[in-house]
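One structure below.
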Amino acid sequence: MFLTTRGLVLRDVKYKESDRILTVLTEHEGKITVRARGAKSKTSRYRAAAQHLVFSEMTLFGNRGRWSLNEAETIEQFLGLREDLPALALGSYFAELLEALSDEDSPNVDILRLGLNALYALSNLTVSHEIVKAATELRLMCLAGYEPRLDACSRCGEEGAAEWYFDASEAALVCGGCRQYGEPGLLPLCEGSLAAMRHITGVDMKKIFSFTLPPDALARLAEACERYVIARLERGFGALDYWKRLT
């Protein structure tokens, strides 16, 4: 059968002499593996559309659960990423996250939409990398079913505490009164960083990057969101490590 859908190339691997095996996050089929025959050739009609971090409209042929690329037209190449190595590394990390949090043959249009918004923000330098990274990490986790509890202390139910900590392993807040002396793994949050986490988890997708923080609060937010991803998914990300080395 033939299927026309839009998709973001999360990963591409060379195969044989001129083919590529693509991991594509699509609107209609979720995450799928696609063989792009001849995509490495300079004369390929869909060479540009079958590259890493390119959003394209694709016509696919499916047979017994296997997909092959028949036609493709580029929608967005995110050219700004190709001119900024840290931005490209961060975009590659987002692709790894999208792949980890997406299911085979199970579409989640909001996850794809957030990934595209994040890549657009990086490509066009509209928001700082740190804000895009933290917001994308936390909102993706929410969309994948890992939303943390941020309304009250997970131990006593207090909502108006003066001192807050984030427990990444438990996906919840702990107030200063419930924190045990010397208790490991709790990340201190200030008023601004906690407000930003609540904004990210609850705001309309269009406004997810619409906030600013002073450097200290942004650093606390960044640590909490990244630590949460690593704790819940129980894995590291090569592109994230590379981005850190660059910055």
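Which whole-Hz couplings ³J(HN,Hα) result when phi for each residue of region 210-217 is put into the Karplus expression 6.51 cos²θ - 1.76 cosθ + 1.60, θ = phi - 60°, listed in order with x for Gly and Pro?
Couplings: 8, 7, 10, 9, x, x, 5, 5 Hz.
Under a 5 Å amide H to amide H cut-off, with H placed in plane at 1.01 Å, what residues pair with Y15 once short-range neighbours are removed?
Those lying under 5 Å, H to H, from Y15 are R20, I21.
Among the lysines, which fall within straight-line cross-link reach of K207, defined as a Cα-Cα distance under 28 Å, with same-chain neighbours fewer than 8 residues apart omitted?
Partners within reach: K31, K133, K244.
Please order F237, F94 by the number of other Cβ within 10 Å, starting at the fewest.
Neighbour counts put them in this order, fewest first: F237, F94.
Quick check of the Kirkwood formula: for region 19-59, what is the inverse mean of 1/r over all pairs of different Cα atoms, in Å?
10.6 Å
Taking 7 Å along the Cα-to-C-beta vector as the label spot, tell me the E147-T212 distance in nanometres, rounded to one decimal.
2.9 nm
Y15 label point, 7 Å along Cα→Cβ, cut-off 13 Å on backbone N: hits in region 66-96?
Inside the label zone: 66-70.
So what's the Cα pair-distance distribution over the chain, bin width 5 Å, in %?
Taking every Cα pair in the chain, the percentages come to 1, 6, 13, 16, 17, 14, 10, 8, 5, 4, 2, 1, 0, 0.
5 Å is the cut-off here: which amide hydrogens, built 1.01 Å from N in the peptide plane, fall below it relative to R149, excluding neighbours closer than 5 in sequence?
A172, L173
I need the fraction of alpha carbon pairs in region 2-76 separated by more than 16 Å, rounded to a whole percent.
37 percent
Determine ³J(HN,Hα), in whole Hz, for all residues of region 45-51 in sequence, where each value follows from phi through the Karplus function 6.51 cos²θ - 1.76 cosθ + 1.60 and θ = phi - 60°; x replaces Gly and Pro.
Each residue's phi maps through the Karplus curve to give 6, 10, 4, 5, 6, 9, 9 Hz.
Give me, ordered by chain and number, the residues 5 or more places off W67 or on other chains with an amide H under 5 Å from its own placed amide H.
Here the answer is R35, since their amide H atoms fall under 5 Å of that of W67.
Given the alpha-carbon gyration tensor of region 127-247, what are the semi-axes of its equivalent ellipsoid in whole angstrom, ordered largest first, with each equal to the square root of 5 times an eigenvalue?
Each semi-axis is the square root of five times an eigenvalue, giving 22, 17, 14 Å.
Hey, got a sec? Which trypsin sites (Lys or Arg not before Pro) in region 121-214 land in a DSSP loop and have at most 16 other Cβ atoms within 10 Å?
R155
Every read-out reported here was derived from the displayed coordinates using simple, explicitly stated rules and does not represent laboratory data. Please read all numbers here as calculations on a predicted model, not as lab measurements. Reconstructed Cβ throughout: ideal geometry from the backbone, glycine too, with neighbour counts over all protein chains shown.
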